[in-house]
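See structure below.
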Amino acid sequence: MPPVEKSAKKAPASGKKPTKFRKAVNFNLSGGIMRYSRHQQYKRKALWRQKATLKPKQEVPKRPLTIVKEIGGGHNGGQRVVTLRKNKANYPTKALVTSRPTKGVFKLHKRSTRKSLIPGRVVIIVAGKHKGKRVIVLKVLQSGLLLITGPFSLNSTPLRRISQRYVIATQTRINMANVVVPDHINDAYFKREPKSTKRNRGEGEIFAPKKEVYTVSEKRKSDQATVDKSIKTALSQHKDKKLLFNYLRSYFALSSSQYPHRLKF
Amino acid sequence: MPFQRYVETGRIAKCTSGKLRGKIVSIVDCIDQTRVLVDGPQSGVPRQAYRLNNLQLTKFRLKFPYHAPTRVVRKQWEAADLTKKWEESAWAQKSKNVKKRTALNDFDRFKLRYAKKQRNKLLTIAYNTLKKRTKADGSARVLKKDRKLRIQELKKAGKGKK
């Protein structure tokens, strides 16, 4: 008798939970010859014991595909074989337009943000209009972009979205426990407003079309003020509060013999 | 100028690469032109072969015969008070400072810069006042401001009355 069987019997008695998937005991020796033959497996698995307990298989009557119908009339051959399932009477001339699966939609992409970019982190912006500034991460938006603020009064960086590629995370953090970022500040909030399609008819056309100038809405201003206020109270609770304010005002720059890959941030 | 430091038995050197980087060791023997046997019983370095390319020779030297056992090296090391001497040397101080500086993060660097700025401000003020109050020949210059102050003081004391 193979030793494997003994251990297999003992396993439940030891109190250990048997794992769901056990390693296959029977395996291919070579050339399709198994370690245990069909007869041995029958014994090992104790299938003879199961035989008594097995339920008899209930037979489901097969439905016929066709039936034979009696047909009247002398010249019709008496009967005819008719299919029970009717064929389609017509076929579409053009492939139907179906809705495509939403699997590959950009907004549903899985976002992965660097571990270091957590809310309250001071980051250095390395590209764009605000490059060199040190700003604060508020949260990661659904689009994967970071929501940041200067605060505006310190380094004139407004509430803004930025890709994580364009920031360097520093080790400095502020406590965001009491900072509230309103829920309505999301990706839609930063969407560009559609250009007005109205055109001045008549006299207006003589002159060059007026260039539309971006103006900050009152809503944005008030949101900026509320967020910055709570951020500033958080800043003032920092250990080095006076220096931290100056730190956020200052610009990041590399001096000679400073290499970013060697620096700690 | 002849060489001052040689690869020789007892020479103290600083390791510059690998696990031992930054540690000081004593050369015990020369294996060949490129490698030496080093030992650092007081700096946590077990006896091993080390490439000369990665060694920087220091001005210190211990006295012991070549291929001396670790026991002897340790004894000489302690007798010379080498660990303390090394730590006091300018080289060790400098490398310590470099290490400190590389460990700084962005905010720390800013704080350092800020502190330096403050110090320089004070220095400039002190320098300028000294400059003002010193004549070209080195003697002290009395400013108008000083005379005024002195008169005020005298008036207060009641001696300035005509």
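The values are calculated or read from the model by the stated rules, or taken from the named source; none is laboratory data. The model shown is predicted, which means the values in this text are computed figures rather than measured ones. When we count neighbours, we look across all protein chains shown, and the Cβ atoms used for this are built from the backbone with ideal geometry, even at glycine.
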Item to check | Matching entry among B:Ala136, B:Ala90, B:Ala103 (being out of contact with any Cys (no Cβ under 9 Å at 6 or more places or on another chain), loosely packed, with under 10 Cβ neighbours inside 10 Å and within 14 Å of chain A (Cβ to nearest Cβ)) | outcome: B:Ala103
Item to check | Number of the condition not met by B:Trp77 [criteria: (1) within 14 Å of another protein chain (Cβ to nearest Cβ); (2) surrounded by 14 or more Cβ atoms within 10 Å (Cβ to Cβ)] | outcome: (1)
Checklist outcome for this item: With criteria (1) in the same structural domain as B:Asp39 (by TED's automatic domain parsing); (2) closer than 30 Å to A:Asp240 by Cβ, B:Tyr114 comes up short on (1)
Checklist entry - What number goes with the only condition from (1) of a type outside the set (Lys, Arg); (2) surrounded by 10 or more Cβ atoms within 10 Å (Cβ to Cβ); (3) within 26 Å of A:Arg121 (Cβ to Cβ) that B:Tyr127 does not pass? => result (3)
Item to check | strands (runs of 3 or more DSSP E) wholly inside the range B:9-81 containing at least 1 residues that are among the basic types (Lys, Arg) | outcome: B:11-15, B:35-40, B:45-51, B:55-61
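With a cut-off of at least 1 residues that are farther than 30 Å from A:Ile231 by Cα and hydrophobic (A, V, I, L, M, F, W, C), name the strands (runs of 3 or more DSSP E) lying wholly within the range A:44-137.
Numbers: elements: A:66-70, A:79-83, A:121-125.
The strands (runs of 3 or more DSSP E) meeting that bar are A:66-70, A:79-83.
In this structure, does B:Ala92 turn out to be at pLDDT 95 or above and in contact with a helix residue (DSSP H, G or I) (Cβ under 6 Å, 6 or more places away or on another chain)? Even if it seems obvious, please write down each step before you answer.
Details: at pLDDT 95 or above: yes; in contact with a helix residue (DSSP H, G or I) (Cβ under 6 Å, 6 or more places away or on another chain): yes.
It is true that B:Ala92 is at pLDDT 95 or above and in contact with a helix residue (DSSP H, G or I) (Cβ under 6 Å, 6 or more places away or on another chain).
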Item to check | Flag if B:Lys116 is of a type in the set (Lys, Arg) and under 25 Å from the mean Cα position of the chain (by Cα) | outcome: yes
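Scan B:Ile24, B:Ile12, B:Ile31 and give me the residue that is touching a residue at least 12 places away in the same chain (Cβ under 8 Å) and within 30 Å of B:Arg109 (Cβ to Cβ). Let's see the steps before the verdict.
Working: B:Ile12 fails: within 30 Å of B:Arg109 (Cβ to Cβ); B:Ile31 fails: within 30 Å of B:Arg109 (Cβ to Cβ).
It is B:Ile24.
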Next on the checklist: Taking the criterion of being of a type in the set (Lys, Arg), in a helix (DSSP H, G or I), within 14 Å of chain A (Cβ to nearest Cβ) and without any contact (Cβ under 8 Å) to a residue 12 or more places away in the chain, would at least one residue in the range B:116-127 satisfy it?
Outcome noted: yes
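Residue by residue, here is whether (1) modelled with pLDDT under 85; (2) within 14 Å of chain B (Cβ to nearest Cβ) holds:
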| residue | (1), (2) |
| --- | --- |
| A:Ser99 | yes, no |
| A:Val105 | yes, no |
| A:Arg111 | no, no |
| A:Ile136 | no, yes |
Checklist entry - Does the range A:238-259 hold any residues that are surrounded by 13 or more Cβ atoms within 10 Å (Cβ to Cβ) and in a loop (DSSP other than H, G, I, E, B), and which are they? => result A:His238, A:Asp240, A:Ser250, A:Phe252
Checklist outcome for this item: Reported set for the range A:209-259 where residues are in contact with a strand residue (DSSP E or B) (Cβ under 8 Å, 6 or more places away or on another chain) and within 14 Å of chain B (Cβ to nearest Cβ) is A:Leu244, A:Tyr247, A:Leu248, A:Ser250, A:Tyr251, A:Phe252
Next on the checklist: Consider the range A:166-188. How many of its residues are closer than 24 Å to A:Phe106 by Cβ and modelled with pLDDT of 95 or more?
Outcome noted: 2
